[in-house]
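Notes follow once the structure below has been shown.
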Amino acid sequence: MTSVSYTIPGLHVTDHEVEVPLDWASPDDGRTLTVFARELVAPSRRHDDLPLVVFLQGGPGGKGPRPTAADGWVGQMLTTHRVVLLDQRGTGRSSAVRGSQMAALGNPAEQAAFLAHFRADSIVDDAEHLRKTVYGGRRWATIGQSYGGFLTLTYLSKAPHALTACYVTGGLPSIWPDTHEVYRRTYPRTAAKNAQYYERFPKDVERVARIADRLDAGDVRLPDGDVLSTRRFQTVGMDFGMKPGFERVHWLVDEAFDRGSDDLSDTFLEAVMDLTSYRSRPLYAVLHESIYASGATTTGWAAHTVRDEHPAFDPSARPLLFSGEMIYPWMFEEISGLRPFQAAADELAARSSWTTLYDPDVLASNEVPVAAAVYHDDMFVDAQLSLATAAHVGSVQTWVTNEFEHDGLRTGDVLSRLVRLVADQGGPLRD
């Protein structure tokens, strides 16, 4: 274990690194990873005995935030807590997984077996090791954003004794996972977001069609050399799940062509490459459907399979509909940053034996206070599935709202409301 401390304006920072086994079920097999966490505290309170809260980042494959100031939800929590920002295994400074490593891991089955150790159960075991070794086993609260809510339910299943309270923002998963059902619900919500986008920017119907027609004509390359297809362009619609997403896609489309030119602009191509390359976060794509797999289930490229039920999303359709949080097998052929993972991703999609992520019996008897924001119009996490989970898990309070999109933690006062919900019911459990 190593720790390094320093101060930046408004934040006293301590960086922690701990060694963990790759496989928590076989901790002595010699394969290890480094897990990194960044602890923040108000500089004037760095010697105070403050409660702990650990942030469980969205994703999968998400590293912790890199704060530059004591603002937003971080600044709020620093008034009362030490804040621990965890880089989930395989991300950031936690033994990051890169495409260049894959060939050395062996054949596709061996690669998939390696990647299967980067799911919620392993991340929770890492957090528990950090809590015990760095923080002496003190209980802590959690903030789970998006996929961080999935991690929260796994944490409550495996180690509820470690937790004082849980705050979930847009991430209560179904604890009876069915990947195909998830996407049967996702496509209609994504279609509705497309309708809202074109209602807000009606001229973009023609602009987007012009872009797609040019891409269909072929030989459009991104700055990294990848061919840009219409179906890859459609994936920028993931931004529709965020509050400023319609505007960001509109401004992208607005600058797609320079005046008087039929060629797509460098500005447009650079932006699309940045949005769709996955080079800095390959695990997001590689493990995306695997986050729903628990026990004897097969994900089977669910988003790709279910898309056949929704022909309006075909790349040849007009108006062109943007896709959302869907990962498709063709992405591992077309996107150079994902190509090294292609064989392993196919193995994961066919895998039928997974570790169990949730314990319904333990969750039903849960006593740890949980406050969850459920975004009624969330494009990524179905509100009805979230509420079904909330009805089963003990000590859960939900706040259902259409005031925010999936990024409400960053754009509003969501966390403040959740903290009040727990406080009004007696507050967190004692450390």
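Couple of notes before you dig in:
- The one condition from (1) open to solvent by 50 Å² or more (accessible area, probe 1.4 Å); (2) of a type in the set (D, E, K, R); (3) over 24 Å from ASP431 (Cβ atoms) that ASP48 does not meet is (3).
- Boolean, ALA372 is among the hydrophobic types (A, V, I, L, M, F, W, C) and open to solvent by 60 Å² or more (accessible area, probe 1.4 Å): no
- Helices (runs of 4 or more DSSP H) wholly inside region 233-323 containing at least 2 residues that are in the same structural domain as ARG184 (by the TED database), open to solvent by 40 Å² or more (accessible area, probe 1.4 Å) and out of contact with any strand residue (DSSP E or B) (no Cβ under 6 Å at 6 or more places or on another chain): 245-254, 266-276, 302-307
- Of the residues contained in region 169-176, none is found to be out of contact with any helix residue (DSSP H, G or I) (no Cβ under 9 Å at 6 or more places or on another chain) and outside any strand (DSSP E or B).
- All positions within region 193-207 that are touching a helix residue (DSSP H, G or I) at 6+ places or on another chain (Cβ under 6 Å) and surrounded by 12 or more Cβ atoms within 10 Å (Cβ to Cβ): LYS193, TYR197, TYR198, PHE201, ASP204, VAL205, ARG207
Conditions (1) part of a helix (DSSP H, G or I); (2) under 25 Å from LEU363 (Cβ atoms); (3) among the aliphatic types (A, V, I, L, M), marked per residue:
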site	(1), (2), (3)
PRO67	no, no, no
LEU86	no, yes, yes
VAL97	no, no, yes
ALA113	yes, no, yes
ASP121	yes, yes, no
ASP126	yes, yes, no
THR133	yes, no, no
GLY149	yes, yes, no
THR152	yes, yes, no
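Residues are listed down the side, and each one gets a yes or a no for (1) assigned by the TED database to the domain that holds LEU418; (2) under 19 Å from GLY245 (Cβ atoms):
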{"position": "GLU334", "(1), (2)": "no, no"}
{"position": "ALA343", "(1), (2)": "no, no"}
{"position": "ALA364", "(1), (2)": "yes, no"}
{"position": "PHE380", "(1), (2)": "yes, yes"}
{"position": "LEU387", "(1), (2)": "yes, no"}
{"position": "HIS392", "(1), (2)": "yes, no"}
{"position": "THR398", "(1), (2)": "yes, no"}
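- Set ALA162, ALA217: member being aliphatic (A, V, I, L, M), more than 19 Å from PRO360 (Cβ to Cβ) and open to solvent by less than 70 Å² (accessible area, probe 1.4 Å): ALA162
- Single residue of region 76-92 satisfying the filter (farther than 29 Å from VAL286 by Cβ and in contact (Cβ under 8 Å) with a residue 40 or more places away in the chain) that is most open to solvent (accessible area, probe 1.4 Å): GLN76
- Criterion violated by GLU19 - all others in (1) open to solvent by 70 Å² or more (accessible area, probe 1.4 Å); (2) among the charged types (D, E, K, R); (3) under 23 Å from ASP431 (Cα atoms) satisfied: (3)
The values are calculated or read from the model by the stated rules, or taken from the named source; none is laboratory data. These numbers were taken from a predicted model, which means no experiment stands behind them. Neighbour counts run over all protein chains shown; Cβ positions are idealised from the backbone, glycine included. The area values use the complete protein model at the heavy-atom level, side chains included, leaving out ligands, DNA and RNA. Shrake-Rupley method; radii C 1.70, N 1.55, O 1.52, S 1.80 Å.
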